[in-house]
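All remarks here apply to the structure that follows.
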Amino acid sequence: DKIKDAQRENRTIFSFEYFPPKTDEGVENLFERMDRMVMHQPAFCDITWGAGGSTSDLTLEIVNKMQNMICVESMMHLTCTNMPVSKLDFALENVKANGVQNILALRGDPPHGQDKFVQVEDGFSCALDLVKHIRKKYGGYFGITVAGYPEAHPDVISGDAATQEAYEKDLAYLKEKVDAGGDFVITQLFYDTDLFLRFVNDCREIGITCPIVPGIMPINNYKGFLRMTGFCKTNIPADITAALEPIKDNDEAVRSFGVHLGTEMCKKILASGINAVHLYTLNMEKSAIAILQNLGLIDISQVRRSLPWRPPTNVRRT
Ligand code: FAD
């Protein structure tokens, strides 16, 4: 199965994104959490590729376990940073041998401490080249996802927003990635739903017809929110700033506002006819689950109560 098959079904689907934890204990906790969260039947779960390839071994280990022990359709992020083609192929062959069929093909950010992306010798300079490579070498085996930026990629944003010209160039480039073999788009996080809806419209106008899945990051704490939106140069609507300002030191209140906001954003997006939401969980469970429950997409009373994680008995052999 590939994710694109689930997208053809006539139902609203959702998915969960995780990142590789820093410690063994963190990894164990993550598998426990995933085990609980997949009971709600996400269409897929995905795991990030640490900046500069810093987590490559762990990302491979986690995605293979997600696919074969957690038994959820899994997608691995893969970036070109510090990756000659031989290393990219090692990673692709490794997950292929384990039955993983979905790749989010990315250029990647520069490694920590550097501010510009540098192409390595025998490597690629952009996600487009990685998409082309995967299609050429692996045919239709992998479902390929590409990243989209409702407010344009931060590299081309100067000041408050990208110029119209830079935004349009970014869109044209996204179309190239899709035309080269991208099956669907997941977007960068955003908090201005109108900008996302405008982006989808603009994509349709230039002939991008594949599913465009909104990336939703529930606000879990104020400092983290400022850090992420600063890094991604995300526009923050004035009403969100006004709502957060008086509660910014109260984590519980911020989290609960985050659930409310995430729910309202998703409601508006689903009402526009889009039938998928992708949740950046930041390895946390409660906010993502609460949003899906508010949307009526899951019913927490219908799944078994949380039990400690144990290796499932239905391990899929490859
Ligand atoms: P590209 O698609 O290559 O594009 C980057 C920008 O450069 C484009 O927007 C475009 O303006 C310009 N550009 C590049 N090539 C061309 C060209 N040929 N013609 C015209 N313009 C061009 N980073 C990680 O390190 N690990 C992850 O796991 C990870 N997961 C992510 C998941 C999602 C959903 C998103 C949205 C981002 C993720 N990132 C991750 C961040 C991502 O790696 C960075 O945003 C990176 O700077 C760009 O990656 P990209 O694949 O969008 O790059």
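Could you please rank C266, C203, C210, placing first whichever residue has the fewest other Cβ atoms within 10 Å of its Cβ? Display every interim value, and only then the final one.
On the way: C266 23, C203 20, C210 16.
Listing C266, C203, C210 from fewest to most nearby Cβ atoms yields C210, C203, C266.
Along Cα→Cβ, 7 Å out, is where each label goes; now give me the distance between the ones at K132 and K268 in nm to one decimal.
3.8
Once the Cβ-Cβ distance between N283 and E205 is put in as r, and R0 is 41 Å, what FRET efficiency do you end up with, to the nearest 0.05? Could you put the intermediate results ahead of the total?
Values: r = 37 Å, r/R0 = 0.89.
Computed FRET efficiency for N283 and E205: 0.65.
Expressed as a fraction of 2.2 N^0.38 Å, the rule-of-thumb size for a compact globular protein of N residues, what is the C-alpha radius of gyration of the chain? The partial results should precede the final answer.
Working: Rg = 18.9 Å, N = 318, 2.2 N^0.38 = 19.6 Å.
For the chain, the normalised Cα radius of gyration is 0.96.
What order, most packed first, do the peptides 107-119, 170-182 have when packing is the mean number of other Cβ atoms within 10 Å of each residue? Walk me through the numbers on the way to the answer.
Details: 107-119: 13.1, 170-182: 18.9.
So the order, starting with the most tightly packed, is 170-182, 107-119.
Give K2/K286; K116/K136; K2/K96; K136/K177; K177/K268; K96/K136 a once-over and call out the pairs whose C-alpha atoms are over 21 Å from each other. Numbers along the way, then the final one.
On the way: K2/K286 27 Å; K116/K136 28 Å; K2/K96 13 Å; K136/K177 14 Å; K177/K268 27 Å; K96/K136 15 Å.
In this structure, K2/K286; K116/K136; K177/K268 lie more than 21 Å apart at Cα.
By how many nm would the segment from N294 to A243 lengthen if fully extended, with 0.36 nm per residue of separation less the alpha-carbon distance? Write down the numbers at each step before the final one.
Working: separation 51, 0.36 × 51 = 18.36 nm, distance 2.00 nm.
Stretched fully, the N294-A243 segment lengthens by 16.4 nm.
Can you give me the Rg/Rh ratio for the range 33-74, using Cα atoms for both radii and the Kirkwood formula for Rh? Show your work: numbers first, answer last.
On the way: Rg = 10.9 Å, Rh = 10.7 Å.
Ratio of gyration radius to Kirkwood radius: 1.01.
Tabulate in residue order the Karplus-calculated ³J(HN,Hα) for the range 118-123, using 6.51 cos²θ - 1.76 cosθ + 1.60 with θ = phi - 60°, rounded to whole Hz; enter x for Gly and Pro.
10, 6, 7, 4, 6, x
In the range 211-241, which residues have a backbone nitrogen under 17 Å from the label point lying 7 Å from D160's Cα in the Cα-to-Cβ direction?
Backbone N within reach: 230, 233-241.
Out of residues 5 or more away from G148 or on other chains, whose amide H comes under 5 Å of its own, with H placed 1.01 Å from N in the peptide plane?
Amide H neighbours of G148: I186, T187, Q188.
Taking Rh as the Kirkwood radius computed over C-alpha pairs, what is the Stokes-Einstein D of the range 162-268 at 20 °C in a medium of viscosity 1.002 mPa s, expressed in µm² per second? Spell out each step's value before the answer.
Values: Rh = 15.2 Å.
Stokes-Einstein gives a translational diffusion coefficient of 141 µm²/s.
If you take the Cα Rg of the range 43-198 and divide it by 2.2 N^0.38 Å, with N the number of residues, what do you get? Mind dumping the intermediate values first?
On the way: Rg = 15.7 Å, N = 156, 2.2 N^0.38 = 15.0 Å.
Compared with the compact-globule rule of thumb, the range 43-198 sits at 1.05.
Throughout, read-outs are computed from the coordinates displayed, never taken from laboratory work. Source: prediction; values computed, not measured. With ideal geometry, Cβ positions are generated from the backbone for all residues, glycine too; neighbour counts draw on all protein chains shown.
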